[in-house]
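Q: One structure coming up, written as structure tokens, with questions to follow.
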């Protein structure tokens, strides 16, 4: 039985040990459940706390009104990526539903993950995530969007690396982002 036959309505999750990963997930029915700054703050705070607890090193993130993208590295021999996602989605869904007085509401819908196996792929994905708010027309300058890693990256990464990432093309990437 192929993977597509075993569960045809969800993406396969390939988490093969330590490495660098990209996760993308949207809200259920693409609803703008993260429209308020408080909601995006809640998701970011949960992301930072859980990533630290799992010893994941965040490389890039963007939390939008109806989806997110995360790039992180996991140094453990068997990173529990699926366990991290379950905890992250469960914690944020419960908190958002309590905040909005919407118990039982479905918040997240599926997620896509990919293991980044070569440098060019990493550089393109870093640029893609850092510029996601501009890609969606939310801001002209992604560094002005507080729920994205662009300003943090520009401030903390070596200038030559920031310049390298900023020049990288993203047009060949296949990232689910029809939000």
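Only the coordinates and a few stated rules stand behind these numbers; no lab work does. A quick note: this is a predicted structure, and the numbers were derived from the prediction, not measured. Cβ placement follows ideal geometry from the backbone for every residue including glycine, while neighbour counts extend to all protein chains displayed.
Q: (1) in contact with a helix residue (DSSP H, G or I) (Cβ under 6 Å, 6 or more places away or on another chain); (2) touching a residue at least 24 places away in the same chain (Cβ under 8 Å); (3) within 25 Å of residue 54 (Cα to Cα); (4) surrounded by 15 or more Cβ atoms within 10 Å (Cβ to Cβ): which one isn't true of residue 151, the others all being true?
A: That leaves (2) as the condition not met.
Q: Is segment 93-105 home to any residue that is closer than 22 Å to residue 148 by Cα, buried (at least 19 other Cβ atoms within 10 Å of the Cβ), within 12 Å of the chain's Cα centre (by Cα) and touching a residue at least 12 places away in the same chain (Cβ under 8 Å)?
A: no
Q: Filter segment 81-92 for residues that are touching a strand residue (DSSP E or B) at 6+ places or on another chain (Cβ under 9 Å), surrounded by fewer than 23 Cβ atoms within 10 Å (Cβ to Cβ) and touching a residue at least 40 places away in the same chain (Cβ under 8 Å) and give the result.
A: 82, 85, 89, listed by residue number.
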